[in-house]
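Shown next, in structure tokens, is the structure this report addresses.
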Amino acid sequence: MFERTVLVSSFVLLAAAFAAGAPASADEATCVFSGGGAGLSPGIQDASADAGLIDVESGSYDFDTATGTAACAGEVDLVPFVAPARIISSGFYDNIICGTGFAHDLSGAWTAIYSGPLNASPGYEIVFAAGVGKLLIGGAGPSVSGTVTSLLPHDSATPPHTHPAKTSRWVGSGTVEITPGTGVGTGQDNCAASPDGTTDAFQIRGFLVMSD
């Protein structure tokens, strides 16, 4: 209940700030969201099982706010809106130690935000440190994730993936927090010593502000 109250309160404040005077030259949106990130393949090694703490393990993930809540406020084609949202995203991760690393869909090809008149596919990357991530949307040029991971050794058990240049027309930023486990039942993944030695799911919440 506390988390939902914080989420709703944050959205009200963000929506009010947006309504106070956003420029009308572009489509814009401010969104808050929570949900579950499952489908990590492979699961992220827990710290106790990660022998090489400075190497990089790679894999993929899925996220869908259908397991949580989301809402956006903004303007599309000069028409203001405030509406519930659904955010769906799949992408790749580069893990250094559980909770620290990168998550990204650099082109937005596997990401969609639906809210009222808004139908957006922003490319992004998230730079995580101890479970708190800086969300970077769009822009041009090389990715932070690709630049950093190219300097570190890679775990031979998880082949590296490519990091193409960012190509999204949407530009913005935000914050994303991840908590290991599903929050339901016992024997939760915890990034330290999970039952099977890997963390396979996270609870996710955050906000973003973007324009095109």
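The values are calculated or read from the model by the stated rules, or taken from the named source; none is laboratory data. Owing to the predicted nature of the structure, the values given are computational and were not obtained by experimental measurement. Counting neighbours? That spans all protein chains shown, and the Cβs are built from the backbone with ideal geometry, glycine included.
Side notes on the structure shown:
- Some residue of the range 114-121 being in contact (Cβ under 8 Å) with a residue 24 or more places away in the chain and on the phi > 0 side of the Ramachandran plot: yes
- Looking across the range 92-113, the residues that are under 20 Å from V209 (Cβ atoms), free of Cβ contacts under 8 Å to residues at least 60 places away in the same chain and not hydrophobic (A, V, I, L, M, F, W, C) come down to H104, D105, T111.
- So S173, is it surrounded by 15 or more Cβ atoms within 10 Å (Cβ to Cβ), out of contact with any Lys or Arg (no Cβ under 8 Å at 6 or more places or on another chain), polar (S, T, N, Q) and not in a loop (DSSP other than H, G, I, E, B): no
- Among the criteria (1) surrounded by 16 or more Cβ atoms within 10 Å (Cβ to Cβ); (2) at pLDDT 80 or above; (3) under 15 Å from S115 (Cβ atoms), the one A15 does not fulfil is (2).
- Taking the criterion of being of a type in the set (K, R) and not in a loop (DSSP other than H, G, I, E, B), the residues of the range 120-170 that qualify are K134, K166.
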